[in-house]
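Below is one structure; the comments refer to it alone.
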Amino acid sequence: YRENRGNFEFNGVVPINSEAIHKYHKATSSSISGTFLTMFLWAKNLSVLMKYDKESDTYKSVSLLTWSVNGVECAVFSKNEKILVLGGADGHIYLYDTTHGGLLEIISLNNEYISTLNISKDSNLLAF
């Protein structure tokens, strides 16, 4: 769904492959403008980072982001859409560059369960 003049309108399905993705994903997020989208594929133990392509009017994969055995519980994009942050049950927070999906940093929290993430408007503060 996309917001259009205060209303949400169905925009279609995001095709990734022939699997029934909704049965396998756990953490999903979209960037504030809708340019980027991510979802965790539980069965494959990885997250997919996708970027909207105006020409084809669909999302295309930027990168497959590998993850720990415990899986992703939450995902959030920075307000400037330059960073994707993933957190999970393994007590680590992973920061990825949205341009190419490269890993920027891993924050270890002594195996603390990460169930939610939020980023300030200026993208300078990460709350978990």
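The values are calculated or read from the model by the stated rules, or taken from the named source; none is laboratory data. Owing to the predicted nature of the structure, the values given are computational and were not obtained by experimental measurement. Glycine also receives a Cβ, built like all others from the backbone with ideal geometry; neighbour counts cover every protein chain displayed. In case anyone asks, the SASA skips ligands and DNA or RNA and just uses the protein heavy atoms, side chains included. Shrake-Rupley method; radii C 1.70, N 1.55, O 1.52, S 1.80 Å.
Highest-first packing order for the peptide set 29-40, 75-86 is 75-86, 29-40, based on the mean count of other beta carbon atoms within 10 Å. The mean sequence distance of close C-alpha pairs (under 8 Å, at least 6 residues apart), as a share of the length of segment 65-128, puts its relative contact order at 30 percent.
Overall, the accessible surface of segment 31-128 at a probe of 1.4 angstrom is composed of carbon and sulfur to the extent of 51 percent.
Inter-label distance, Asn118 to Asn80: 2.1 nm, where each label sits 7 Å from its Cα along the C-beta direction.
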